[in-house]
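Note sheet for the following structure.
The values are calculated or read from the model by the stated rules, or taken from the named source; none is laboratory data. Given the structure is predicted, the values throughout are model-derived calculations rather than measurements. Note that each Cβ is placed from the backbone with ideal geometry, even for glycine, and that neighbours are counted across all protein chains shown. For the accessible areas, the whole protein counts, side chains as well, though only heavy atoms, and no ligand, DNA or RNA atoms are used. Shrake-Rupley method; radii C 1.70, N 1.55, O 1.52, S 1.80 Å.
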Amino acid sequence: MTDAFAQDVHHGLSSNPKCLDSKYFYDSEGDKLFQQIMGLSEYYLTDCEFEILHNYRDPLLKNFVNQDKSFHLVELGAGDGLKTKLVLRHFHRVKAHFTYLPIDISGNVLNMLRHELSRDLPGLEVRCYQGDYFDALDQLNQKEAGRKVLMFLGSSIGNFNQYDALTFLRELNQRMNVDDQLLIGFDLKKDPHIILRAYNDDSGITARFNLNLLHRINKELDGEFVLENFYHYPIYNPLTGETRSFLISKVAQNVRVGYLNEVFEFQMGEPISMEISQKYDRAMIYDLSEKAGFSVEKNFFDNRKYFVDSLWKKH
Ligand SMILES: C[S@@+](CC[C@H](N)C(=O)[O-])C[C@H]1O[C@@H](n2cnc3c(N)ncnc32)[C@H](O)[C@@H]1O
């Protein structure tokens, strides 16, 4: 991981504007902080998707089961599986014929998930695949024959800009067989205040989550970032539906990263672009699915219509 991480950090901090890839948020400290974010009252996304998966666990299963055949439930970026456990428990209870195959870049989070599932749902067939989405999915496809239902929950698709989201979904589509399905979460456009608060909580956990990536660079790449010299700054653009988070340099400063043998210069007020969180509306979702080679089978909304888990089929 260190070399890919080092290369990406080098590329990001040498770019103009500077950026860091949000997939590196998730070291063991980042995993913990993200779990805290999911519990924040401002972070409505988790509650909405919980509600959807709880209310529709049975219709979801009925849609996943195709002519009584068994299926593999493949989760991209499973994380701690907090919400997924809800459907797993139900599917397991009604004795659905399925295996659960979580993919995550974080080995730490997968170990926790494997441990918890063997304790809480003994007998459930679980095989974890660690790695970047497509590397892990390629490995999985070589080993696991049979129909697949992929899940990409929690608005992870929102972490791509619209162009990259389409590229990602096209590549995903190429790795799927006809009749495979994809359940994909989209955070929907809504009152901008509600959206912005979700990325700017009062207790400052989201700020710590972002700053943790600088700490990770210090730890793993012998970096010399002084975390107090940066602050977290999120924005939401209701025209494009894009939320963006930045770390802003409070002062003019030079930061050495030993492993890269490089010094990066920051102006006072200079941003590092950290994360995108794209919000969607119905038209954008249908457009995206069609362009990526899918058809929308069903949409599952929460009561407030803040969020949708959209079920797509590859055609
Ligand atoms: C925002 S969390 C979402 C977790 C869960 N799906 C949910 O909805 O609560 C994103 C998860 O995706 C993983 N992840 C991020 N980028 C990834 C990548 N490029 N390949 C594989 N996993 C990735 C992270 O380690 C993290 O566990």
List pairs: first residue in the stretch 7-31 and under 21 Å from Ser106 (Cβ atoms), second residue within 11 Å of the ligand (Cβ to nearest atom) and part of a strand (DSSP E or B) anywhere in the structure, Cβ distance under 7 angstrom, at least six positions apart or on different chains. Ser22/Glu275
Restricting attention to the stretch 1-56, and to residues there that are in a loop (DSSP other than H, G, I, E, B) and away from the ligand (no atom under 12 Å from the Cβ), which single residue is most open to solvent (accessible area, probe 1.4 Å)? Asn16
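When you go through Lys18, Lys69 one by one, which is the residue that is farther than 22 Å from Ser273 by Cα and not hydroxyl-bearing (Ser, Thr, Tyr)?
Being farther than 22 Å from Ser273 by Cα and not hydroxyl-bearing (Ser, Thr, Tyr) holds for just one of Lys18, Lys69, which is Lys69.
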Odd one out for Arg114, checked against (1) in contact with a Cys (Cβ under 9 Å, 6 or more places away or on another chain); (2) open to solvent by less than 30 Å² (accessible area, probe 1.4 Å): (2)
Output the strands (runs of 3 or more DSSP E) that fall wholly within the stretch 187-270 and possess 2 or more residues being hydroxyl-bearing (Ser, Thr, Tyr) and modelled with pLDDT of 95 or more, or say none. 230-237, 242-249
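Determine whether the stretch 148-161 contains at least one residue that is of a type outside the set (A, V, I, L, M), touching a Ser or Thr at 6+ places or on another chain (Cβ under 6 Å) and open to solvent by less than 10 Å² (accessible area, probe 1.4 Å).
Yes: the stretch 148-161 contains one or more residues that are of a type outside the set (A, V, I, L, M), touching a Ser or Thr at 6+ places or on another chain (Cβ under 6 Å) and open to solvent by less than 10 Å² (accessible area, probe 1.4 Å).
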Are there any pairs with C-beta distances below 8 angstrom linking a residue in the stretch 296-315 that is in a loop (DSSP other than H, G, I, E, B) to a residue that is among the polar types (S, T, N, Q) and open to solvent by less than 60 Å² (accessible area, probe 1.4 Å), with the two at least 6 apart or on different chains, and if so which? His315/Ser295
Any idea which residue in the stretch 136-186 is nearest to the chain's Cα centre (by Cα), counting only those that are assigned to a strand (DSSP E or B) and over 17 Å from Lys279 (Cβ atoms)? Met151
Out of Phe168, Phe186, sole residue that is in the same structural domain as Phe307 (by TED's automatic domain parsing), within 14 Å of the ligand (Cβ to nearest atom) and surrounded by fewer than 21 Cβ atoms within 10 Å (Cβ to Cβ): Phe168
So is Asp222 of a type outside the set (Gly, Ala, Ser), open to solvent by 70 Å² or more (accessible area, probe 1.4 Å) and on the phi > 0 side of the Ramachandran plot or not? yes
Look at the stretch 64-87 and say how many of its residues are at pLDDT below 95, away from the ligand (no atom under 11 Å from the Cβ) and touching an Asp or Glu at 6+ places or on another chain (Cβ under 7 Å). 1
